[in-house]
1. Every residue in segment 80-95 that is out of contact with any Gly (no Cβ under 9 Å at 6 or more places or on another chain) and open to solvent by less than 10 Å² (accessible area, probe 1.4 Å), please.
2. Pairs needed: first member in segment 9-22, at negative phi; second member anywhere, charged (D, E, K, R) and open to solvent by 50 Å² or more (accessible area, probe 1.4 Å); C-beta distance under 7 Å; at least 6 residues apart or different chains.
3. When you scan segment 260-354 for helices (runs of 4 or more DSSP H) that lie fully inside it, which ones turn up with 1 or more residues that are open to solvent by 40 Å² or more (accessible area, probe 1.4 Å) and free of Cβ contacts under 8 Å to residues at least 24 places away in the same chain?
4. Considering segment 390-445 alone, what residues qualify as being among the polar types (S, T, N, Q) and over 30 Å from the mean Cα position of the chain (by Cα)?
5. Could you give me the residue pairs with C-beta distances under 8 Å whose first residue belongs to segment 97-113 and is open to solvent by 60 Å² or more (accessible area, probe 1.4 Å), whose second residue is assigned to a loop (DSSP other than H, G, I, E, B) wherever it lies, and which are 6+ apart or on separate chains?
6. Working only within segment 429-445, note down all residues that are among the hydroxyl-bearing types (S, T, Y) and over 9 Å from L271 (Cα atoms).
7. Return yes or no: is G11 over 30 Å from E135 (Cβ atoms), of a type in the set (G, A, S) and in contact with a Gly (Cβ under 7 Å, 6 or more places away or on another chain)?
8. If M379 satisfies all but one of (1) over 25 Å from A363 (Cβ atoms); (2) assigned to a loop (DSSP other than H, G, I, E, B); (3) of a type outside the set (S, T, Y), what's the number of the condition it fails?
Amino acid sequence: MKKIFKQIYLGNRLFFALGVICLFYILAFFFPFLIWVAHSLLVLVALVFMVDVLLLFRAKEGIVSQRILPEKLSNGDENQVKIDIKNNYDFGIEVSVIDEVPFQFQLRDFEIIRKLSKGENEYFEYALNPKNRGEYTFGSLNVFATSPIGFVRRRFIFNKDKMIPSYPSFIHLPKYEIMALQNEFLMGGIKKIRRIGHTMEFEQIKDYVIGDDIRNINWKATGKRGQLMVNQYQEERSQRIYMLIDKGRTMKMPFDELSLLDYAINASMALSHIVLKKKDHAGVMTFSRKVENVLAADGKPGQLKKVAETLYNIDTNFDESDFSRLYTDLKYKVNRRSLMILFSNFETLDALQRQLKYLRGIARNHLLIVVFFKNPEIMKISRGGNRESMQDVYDQIIAEKFEYEKKLIRQELQKYGIQSVYTLPENLSISVINKYLEVKARGVL
């Protein structure tokens, strides 16, 4: 009996009916004959209440429901949570679904209302967009059933406490794969480039066409044929690609509720997927005061899962990043020339100058690409034409100064042969994959 009482919740119609009865009792002070009307209505409401309770509780499992969760959440993406509800009553009901979603989402008004006819089974879903990696715990799935009378609601509880992890973004990996296989990112606008191998594994002698490397001209075959002939080599299939992720304090800056570190991690996951599909080797390193979370570059099956596990619980530590330590570790741990994609953020030219000698040192041994970020808020201010006050003028001048600093950073890197990617955070994955495909196509590694 105690268990039944815990499942009973009073409906709005009951309170409305009791309010009408109270009104009749108040009027009975002035019109005594209304007292019998009030008594009659009270008895009628009590009987209807008991009938409503019997209707809802005579079936042990009037409602059967379950929450269907993915094995893991994709950070920064919309993840679908599915709910299956079946009405086992022999009459139509209204159900109110209140799912106890993880506290990280701060959904305090979650409620889904549906009407189910006799024996109907309904299947619906809702989306959650996690903004942090880590563990997310779901509470109970609460379903409140209301009969056509509407005086009482019965509470059903399903799927108590379920924890699922949130991993770096993986939902869009198939989309990136299709684009990469076409050797063209329409969203990024990269042009198709002829893929020319530069290994010593000979493939064939062919006619020279514009764009072929003149260093590969076969002069003996040219003399025999009377026209230019070139050697063509097979493309290198085991190049090493390392994602170097700065987890210092500069990467804590948030955009659209995701930190720059989260964007870098999601882009590393997407790039690793494409790298492995291209038969190259993907590896990861993170650093701040020291180099951590080192995953050696490899192309074996299961490497993408290792990348996800390595990046799963990475967070910023608010320290000043030590690029000298990164240079030293790369010098002794990565002996073979590799493509190093460094995710960091330099806001001023002075900040770059302090680390430039270490970046140049890395670039001497490896092909280095520095990835840093556009600030959409600063861009909006610098390009805005609305200057209504002197403060707006000052803001625009300062924003333009920051934009000019970014231009100087790119020029300084280019001066020393260091390539760069300067992009908006939301376009990061596409931009770095475009850059990788460009490097791969040109054979500069």
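The values are calculated or read from the model by the stated rules, or taken from the named source; none is laboratory data. Source: prediction; values computed, not measured. FYI the Cβ positions are ideal-geometry reconstructions off the backbone, even for glycines, and counts take in every protein chain you see. These area figures cover heavy atoms from the full protein model, side chains too; ligands, DNA and RNA do not enter into them. Shrake-Rupley method; radii C 1.70, N 1.55, O 1.52, S 1.80 Å.
1. Listed by number, the residues that qualify are V81, I83, I85, V95.
2. Y9/R153; Y9/R155; G11/R153
3. Numbers: elements: 260-277, 303-311, 323-333.
Hits in segment 260-354: 303-311, 323-333.
4. Going residue by residue through segment 390-445, those that are among the polar types (S, T, N, Q) are 391, 396, 411, 414, 419-420, 423, 427, 429, 431, 434.
Residues satisfying the conditions are Q391, Q396, Q411, Q414.
5. E100/G139; E100/S140; Q104/P130; Q104/K131; Q104/N132; L107/V101
6. Taking segment 429-445 first, the residues among the hydroxyl-bearing types (S, T, Y) are 429, 431, 436.
S431, the sole residue that qualifies.
7. Working: over 30 Å from E135 (Cβ atoms): yes; of a type in the set (G, A, S): yes; in contact with a Gly (Cβ under 7 Å, 6 or more places away or on another chain): yes.
Taking the combined requirement at face value, the residue satisfies it.
8. For M379, the exception is condition (2).
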